[in-house]
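The values are calculated or read from the model by the stated rules, or taken from the named source; none is laboratory data. Keep in mind the model is a prediction, meaning the values are calculated, not measured. Reconstructed Cβ throughout: ideal geometry from the backbone, glycine too, with neighbour counts over all protein chains shown. The area values use the complete protein model at the heavy-atom level, side chains included, leaving out ligands, DNA and RNA. Shrake-Rupley method; radii C 1.70, N 1.55, O 1.52, S 1.80 Å.
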Amino acid sequence: MTQRIEEKLYTLRWRHDRQSHIAIVDDGVCLTRCGTEWQRPCTTFCPASVYTWDGAKIAVSYENCVECTSCVLGCPYRNIDWKLPRGGFGIEWQHG
Amino acid sequence: MAADEFDAIVVGAGPGGTAAALTMARAGLSVVLFERGARPGLKNVMGGVMYGRMLADVVGEGWREAPIERVVTDERLWLATADAVTTIGHTHVPPAAGPPNAFTVLRVPFDGWFAAQAEAAGALLVPGTTVEDVIREDGRIVGVRTGRADGDLRAPLVVIADGANSFLVQKAGLGRPLQPHEMALVVKEIIALPSGVIEDRFTLEPGRGATIEVYGAPTRGMAGYGFVYTNRESLSVGIGALVSHFMKTRITPWDLLEGFKAHPMVAPLLRGGEVREYLGHAIPEGGRRAMPRLYDHGVLVVGDAAMMVNNLHREGSNLAMAAGRMAGETAVHAKKVGDWSAETLAMYQDLLEASFVLQDLRKYERLPDLVERRPDLLQVYPALLSEAIHEMLTVDGVSKREKQRRILRRLLARRPWWRILRDAYEGWRAMR
C-alpha cells in the first residue's frame, strides 16, 4: 500500500500559470559546489518533487509546487529564486 | 484608487489576518483584506487542532456556526519505538455549554467561513491577489503593492499576516531571512473513513474527536513528530521535521510519511481508508528568538508571519487569532487618536506581552535551540522508557527487583548518569 510521490500528487489540484514562479539563480552552483558539498538536497526534501537532477542542471517542475517554501530556506546557497505565484494561481487545496 | 480610502490593509485571510480585519470592521474601521488564493482557505494547511476560547474572543456567539470537524475529548501522547508505543493520555467529557476547548478543523472550509464573518462585518475581501511588496515613504509603511495592474493601495496601517516564511516581513525591514532550523516541513494526508469506523477505532462518542501526537522512532532521528487527528469522516495523518534535518538526512517527506503510516500501531487506525489529499506546509519553529519586530510606523505583524507558534503544545492558530484581535484593537485605538506611528502601535506589543501569546513564547524560547542541537533526545529516551515498561510488564519468572536492576544497567550502558543529568537539566531549562 506504500504510495509513490506521483500517486500522492495525483490527489491534488492546481490552477496552473503559464509562467514559472521558480528559477534557479545559477546552474553552476548546483553542478559544482552543491554537488560536492550537499548533493543537492532540494531533490530530496521538496515534498512535491519539484526539483530533479538531470545530470547537468536542476530541472524545475514548478507545476507540482505546493508552496511550502521549504526550498527558500533549504537550498544551502539560496540559489532558488522562489516567488509567490501570481494571485489566484498555484495549488488549490480541497481540504486543507 | 484614491489615497487612504481605507483605514487598514490586511494581507492574508488566515486566522490572524481575518481576526484582525473582523475586529477592525466591527469597530467601524474601513478594512481591505487581501488573499492570494482564489478564495480564503485554498492556500492554507495545518495539522488540524484549533481552540474555542480564542475563536469566541473574536466572533462571540458566532463560534456555534463554525464548520468544526470534531470536539477533541481524547488527547494522547505516544512515545514510540519501531514496534512499541508508550501512551500518556487524557480523556474528558466536554462541558455542556460554551465553546469547546479544542476541536479539529479542515482549513479550506474553516477559513472560508471565518473570512465570511469579516466580510459580513464590513471588511472588503479581495481574493486572488498576491501582495508583492510594501510601499515605504520616509521610513513609514504607507501601503502595499499587489500583483494587479494599478495594484498600489495606500492606508495608514498595513497588517502583515501572510503566513509562515513571510516575504513581506523582510520587505518591510522588520525581520531577517530565516534559517533552515527555524522552520519545519510537515506533510499530511486526509484519509477518508466512515464516521462510525472512526468512532469505533478511537472509542469516541459521535461528534467527539481524538488527537494523537507521536514522538520517537517515526521521525528517524530528525527533530519533529507525527500526528493522527480525527475529522468527521476522515483522519488527518501527518509528520514533520526541521528543514535543516531533512537537508542532512536526505529522507524524502513522502517516505517519512509512508513509514509513519506503516508503524504497527498507526497502520490499524488507517486501515481501509482512502487517501483524498496529500498536503505539505511550513511551520515556524524558531520561537521568540526568531521573531521579527512586531510593529513599526504603519505596520503590525501577526500569526505565523511573526513566528507565533508554540510547538510543544501544538498551538499556533489560537496565537494568531489572539494576536489578530489585539492588532485590530490597536488599530481601533490608533484611529481614535488619529496617530498610526510606532509610538501608538506599540500598544500591540504591550497587549501581546500581557497575554499568553508572548508569555508562552518567552517560556519556551530556549526550546528551538535544544531541538535543533539534540534530536537524539527524542530517540533515546522514548526507547529507554518503552524498554523499561516492557521489562516490568514481561512476566517471565524474574523478580521485580532484578528487573529494576536490569533497567538501570541498560539505562547506564546507553547513557552515563552524568549525561542523563545534563539532558534532564537542559530539558528542564528549555521548558521551565
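When B:A13, B:A20 are screened for being in contact with an Asp or Glu (Cβ under 6 Å, 6 or more places away or on another chain), in the same structural domain as B:T130 (by TED's automatic domain parsing), aliphatic (A, V, I, L, M) and at pLDDT 95 or above, only B:A13 passes. Per the listing B:L256, B:L319, B:L300, B:L312, the residue uniquely farther than 22 Å from B:V59 by Cα and surrounded by 21 or more Cβ atoms within 10 Å (Cβ to Cβ) is B:L256. Within the range B:129-136, is even one residue free of Cβ contacts under 8 Å to residues at least 60 places away in the same chain and within 14 Å of chain A (Cβ to nearest Cβ)? Checking the range B:129-136: at least one residue is free of Cβ contacts under 8 Å to residues at least 60 places away in the same chain and within 14 Å of chain A (Cβ to nearest Cβ).
Flag set for B:S234, criterion: under 28 Å from A:C46 (Cβ atoms), hydroxyl-bearing (S, T, Y), at pLDDT 95 or above and in contact with a strand residue (DSSP E or B) (Cβ under 7 Å, 6 or more places away or on another chain).
Would you be able to tell me the number of residues in the range B:391-432 that are surrounded by 10 or more Cβ atoms within 10 Å (Cβ to Cβ), under 38 Å from the mean Cα position of the chain (by Cα) and assigned to a helix (DSSP H, G or I)? So the answer is 21. In the range B:271-297, the residue that is most open to solvent (accessible area, probe 1.4 Å) out of those that are facing chain A (nearest Cβ under 9 Å) and more than 30 Å from B:L352 (Cα to Cα) is B:R276. Look at the range B:403-415: where a residue is within 19 Å of B:L378 (Cβ to Cβ) and a partner is open to solvent by 90 Å² or more (accessible area, probe 1.4 Å) and part of a helix (DSSP H, G or I), sitting 6+ places away or on another chain with Cβ atoms under 9 Å, you get B:L411/B:W417.
Take the residues in the range B:178-191 that are more than 8 Å from chain A (Cβ to nearest Cβ) and open to solvent by 20 Å² or more (accessible area, probe 1.4 Å); name whichever of them is farthest from B:G139 (Cα to Cα). Looking at the filtered set, the residue picked out is B:V186. Hey, any hits in the range B:258-265 for a residue that's without any contact (Cβ under 8 Å) to a residue 24 or more places away in the chain and basic (K, R)? No. Out of B:R36, B:R64, B:R26, B:R76, one residue alone is more than 14 Å from chain A (Cβ to nearest Cβ), touching a Ser or Thr at 6+ places or on another chain (Cβ under 6 Å) and open to solvent by 20 Å² or more (accessible area, probe 1.4 Å). It is B:R76. Taken over the range B:39-54, the residue count meeting the criterion of being more than 27 Å from A:E67 (Cα to Cα) and open to solvent by less than 20 Å² (accessible area, probe 1.4 Å) is 1. Per the listing B:R154, B:R145, B:R107, the residue uniquely open to solvent by 10 Å² or more (accessible area, probe 1.4 Å), basic (K, R), in contact (Cβ under 8 Å) with a residue 60 or more places away in the chain and touching a strand residue (DSSP E or B) at 6+ places or on another chain (Cβ under 6 Å) is B:R154.
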